[in-house]
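**Q** Have a look at this one before I ask anything.
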Amino acid sequence: MTQLMLNEIKGLDQYNWLLDGFPRTVAQAEALDKECHIDTVIDLDVPFETIKCRLTARWIHPASGRVYNLEFSPPKVQGIDDITGEPLVQRDDDKPETVSKRLQAYDAQTKPVLEYYRKKGLLKSFSGTETNKIWPHIYAFLQTKLPDVSQKDAANPR
């Protein structure tokens with residue numbers, strides 16, 4: 001994974017770029033530092049219970065890939081696809097016990113990476129549970145790093 005990421009990043013030194021979910025280990029962070037100048041690391045500190053609730057509320061229609069969330073965008077009839085009337089399923093990796101294990105593993109791997117970047121003075125953490133409340137703070141911070149970020153781009157986070 002590390003070599004794949006480093007190969008993809010080569011040649012991007014004249015651009016600003018963002019990695020999501022990498023590095024996940026200190027060894028990956030050290031390898032990245034050898035190849036690239038990292039000037040900022042953003043940590044979205046969202047309580048695991050919030051993440052667990054969102055993931056375990058996700059159900060899909062396998063044939064189409066439509067995704068429903070029982071809290072944010074529920075189907076009209078629980079457990080049934082709005083368009084076809086076929087049953088929805090919960091992916092194995094969205095089941096509560098699997099999500100809990102994934103979050104525990106993520107925590108164990110990520111804490112040392114966050115500490116690595118904290119010691120280097122590169123870590124900026126944002127805490128919260130709702131995107132629309134966290135995003136304005138992230139945007140304001142990014143404007144200090146990337147002053148040419150347009151308002152249009154900020155309105156449409158990807």
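**Q** Among (1) open to solvent by less than 50 Å² (accessible area, probe 1.4 Å); (2) at negative phi; (3) not aromatic (F, W, Y), where does H37 come up short?
**A** Here H37 clears every test but (1).
**Q** Kindly list the number of the only condition in (1) at pLDDT below 95; (2) not in a helix (DSSP H, G or I) that fails for C53.
**A** Of (1) at pLDDT below 95; (2) not in a helix (DSSP H, G or I), only one is false for C53: (2).
**Q** From the set of residues in segment 107-150 that are under 24 Å from E30 (Cα atoms), open to solvent by 60 Å² or more (accessible area, probe 1.4 Å) and within 17 Å of the chain's Cα centre (by Cα), which is modelled with the highest pLDDT?
**A** Ranking the candidates gives K124 first.
**Q** Same structure, new question: Would you confirm whether or not segment 73-93 contains a residue that is farther than 24 Å from T25 by Cα, among the charged types (D, E, K, R) and out of contact with any strand residue (DSSP E or B) (no Cβ under 9 Å at 6 or more places or on another chain)?
**A** Within segment 73-93, one or more residues are farther than 24 Å from T25 by Cα, among the charged types (D, E, K, R) and out of contact with any strand residue (DSSP E or B) (no Cβ under 9 Å at 6 or more places or on another chain).
**Q** Exactly one of (1) in contact (Cβ under 8 Å) with a residue 12 or more places away in the chain; (2) charged (D, E, K, R); (3) more than 21 Å from S127 (Cα to Cα) is unmet by D92. Its number?
**A** Answer for D92: the failing condition is (1).
**Q** If D33 satisfies every condition in (1) under 18 Å from K120 (Cβ atoms); (2) touching a helix residue (DSSP H, G or I) at 6+ places or on another chain (Cβ under 6 Å) but one, which is the exception?
**A** (2)
**Q** Let me ask something else. Just one of T40, T50, T25, T98 is over 30 Å from N7 (Cβ atoms) and touching a residue at least 12 places away in the same chain (Cβ under 8 Å); which is it?
**A** Going through T40, T50, T25, T98 in turn, just one is over 30 Å from N7 (Cβ atoms) and touching a residue at least 12 places away in the same chain (Cβ under 8 Å): T50.
**Q** Could you list, in sequence order, the residues of segment 22-34 that are in a helix (DSSP H, G or I) and surrounded by 14 or more Cβ atoms within 10 Å (Cβ to Cβ)?
**A** Listed by number, the residues that qualify are V26, Q28, A29, A31, L32, D33.
**Q** Applying the selection to segment 83-106, what residues are open to solvent by 70 Å² or more (accessible area, probe 1.4 Å) and either in contact with a Lys or Arg (Cβ under 8 Å, 6 or more places away or on another chain) or part of a helix (DSSP H, G or I) (or both)?
**A** Across segment 83-106, the qualifying residues are I83, R91, D92, E97, K101, R102, Q104, Y106.
**Q** Which one of these is surrounded by fewer than 15 Cβ atoms within 10 Å (Cβ to Cβ) and over 16 Å from L123 (Cβ atoms): L70, L19, L12?
**A** L12
**Q** Which of the residues that make up segment 41-65 are surrounded by 15 or more Cβ atoms within 10 Å (Cβ to Cβ) and among the hydroxyl-bearing types (S, T, Y)?
**A** T56 - this is the single residue of segment 41-65 that is surrounded by 15 or more Cβ atoms within 10 Å (Cβ to Cβ) and among the hydroxyl-bearing types (S, T, Y).
**Q** Across segment 66-82, what is the number of residues that are of a type in the set (D, E) and either assigned to a strand (DSSP E or B) or over 16 Å from L55 (Cα atoms) (or both)?
**A** 2
The values are calculated or read from the model by the stated rules, or taken from the named source; none is laboratory data. Since this is a predicted model, take the numbers as computed values, not measurements. Glycine gets a Cβ as well: all are built from the backbone with ideal geometry, and neighbour counts include every protein chain shown. Side chains are part of the model used for accessible areas, which takes the heavy atoms of the whole protein and leaves out ligands, DNA and RNA. Shrake-Rupley method; radii C 1.70, N 1.55, O 1.52, S 1.80 Å.
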